[in-house]
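Have a look at the structure below, then the notes.
The values are calculated or read from the model by the stated rules, or taken from the named source; none is laboratory data. All figures in this text were calculated on a predicted structure; none of them were measured in a lab. Counting neighbours? That spans all protein chains shown, and the Cβs are built from the backbone with ideal geometry, glycine included.
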Amino acid sequence: MIPAPLRRAALVVAAATTTLLAIATPAAAHGADAPDGTDYRTAITGVTPDRPGLTARTVEAGARLELTNRTGVDVTVLGYSGEPYLRIGPGGVFENSRSPATWLNRTITGDTRLPAEADPAAAPTWRRVDDGPTARWHDQRTLWRESVPPAAVAADPGREQRVRDWVVPLRVGDDPVEVRGTLDWVPPPDPYPWWVAATLGFLVIGAAGLVPAGTAAGVRALRAAGGLLAVGGAATVALTVGRAVDTGAPGAGGLLAELVTGQVWTLLTGLGALAAGGYALARRPAADFVLALAGACVTLFAGLSNLAVLSRAVPPAAGPAPLTRVLVTVALATGLGAVAAGLLRLHTATRSTPHPTSHPHLTHTP
């Protein structure tokens, strides 16, 4: 017989999961082709000549180039054959459907089949795609598209080195302008120390489940596991914010929109882990079950989904790369540890629960 608190917790979790699926499904396509990490660092060195109100940066670990135009005049991005590709101005962002770049830049690999209308020599056919002053796009000039590294990198992969300098040409009104930048190879980190740290953390936290639940030591162990899970929840929230910032979300409103759409799973996972940690610290009913469930979510949505960060030089998150690896490692250790501790405590509680036994009816002999 499942205890009533455990049944109620399971029903709440099922309802929450159904709601989350309904919310998160429309956002699943957001940034679908952004890399989970890369060893090529794309950087912008400047806009030449400088134009006040015209700014450029890279987002999504360098996967996209972002251009914001607040000059008050139209800025045209030129495609790979020098044809008009994008137009950014007071009226919004427009793309030229006749430009091959419009189609090639649909994906980061640039392998989209060109339609018959793609003709760089044809007069532009403009289609509005956004009403703001900012455009973001994959630009093959800023990326390394080959499946194998450059020859110089293959010969000496342990050394950071320049792959190429790149230029994206623009027209501001009738004046030529260039966005200039660099593409560098950055040697990937050794993932072994991070895996060791995650494994040790998992073992330490999971050991809390071996302490008998009905003792004072068991209470302290539950609280310790809950507190560490809350730390994992905080790490998950920080990781989520870092990834949202790296998408190029503009301002506080844009960041909030990104968090509740493109990053909704990991955001809710982090907040849920914080709540579950507090639940365990308060020794509430079914705390072991909540601990294990929240730990599983942290492991899946913050740990396993970001494993590439441990072995890639450039993670898709704002801030120093080592900090991002620390956050992922903490999420893995606390998530897996909470799962182990919660399940072990549930198993121990099940074995120690007395089962009712049937007694034969006593009869009295006259």
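Tabulated results
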| quantity | calculated |
| --- | --- |
| Some residue of region 141-164 being exposed (fewer than 13 other Cβ atoms within 10 Å of the Cβ), hydroxyl-bearing (Ser, Thr, Tyr), over 26 Å from residue 60 (Cβ atoms) and modelled with pLDDT under 95 | no |
| Condition check for residue 184: under 26 Å from residue 322 (Cβ atoms) and surrounded by 13 or more Cβ atoms within 10 Å (Cβ to Cβ) | yes |
| Qualifying residue in region 81-99 (condition: out of contact with any strand residue (DSSP E or B) (no Cβ under 9 Å at 6 or more places or on another chain), of a type outside the set (S, T, N, Q), farther than 19 Å from residue 250 by Cα and modelled with pLDDT of 95 or more) | no |
| Count of region 25-40 residues which are in a loop (DSSP other than H, G, I, E, B) and at pLDDT below 95 | 10 |
| Criterion violated by residue 48 - all others in (1) surrounded by fewer than 18 Cβ atoms within 10 Å (Cβ to Cβ); (2) modelled with pLDDT of 95 or more; (3) over 15 Å from residue 170 (Cα atoms) satisfied | (3) |
| Residue count, region 291-346 (criterion: outside any helix (DSSP H, G or I), closer than 26 Å to residue 158 by Cβ and among the small types (Gly, Ala, Ser)) | 3 |
| Some residue of region 57-65 being without any contact (Cβ under 8 Å) to a residue 24 or more places away in the chain and not assigned by TED's automatic domain parsing to the domain that holds residue 244 | no |
| Test set (1) more than 19 Å from residue 87 (Cβ to Cβ); (2) at pLDDT below 95 - residue 131 fails condition number | (1) |
| Elements of type strands (runs of 3 or more DSSP E) contained in region 69-186, each with 3 or more residues being closer than 21 Å to residue 48 by Cβ | 75-78, 84-89, 134-137, 161-172, 175-185 |
| Residue pairs meeting the criteria (Cβ under 7 Å; at least 6 apart or on separate chains; first under 28 Å from residue 318 (Cα atoms), in region 223-235; second among the polar types (S, T, N, Q)) | 228/334; 229/334; 231/334; 232/334 |
| Helices (runs of 4 or more DSSP H) wholly inside region 197-290 containing at least 3 residues that are buried (at least 23 other Cβ atoms within 10 Å of the Cβ) | 216-246, 264-281 |
| Members of region 41-68 that are in contact with a Pro (Cβ under 7 Å, 6 or more places away or on another chain) and outside any loop (DSSP other than H, G, I, E, B) | 68 |
| In region 62-103, the residues that are charged (D, E, K, R), surrounded by fewer than 20 Cβ atoms within 10 Å (Cβ to Cβ) and closer than 29 Å to residue 38 by Cβ | 66 |
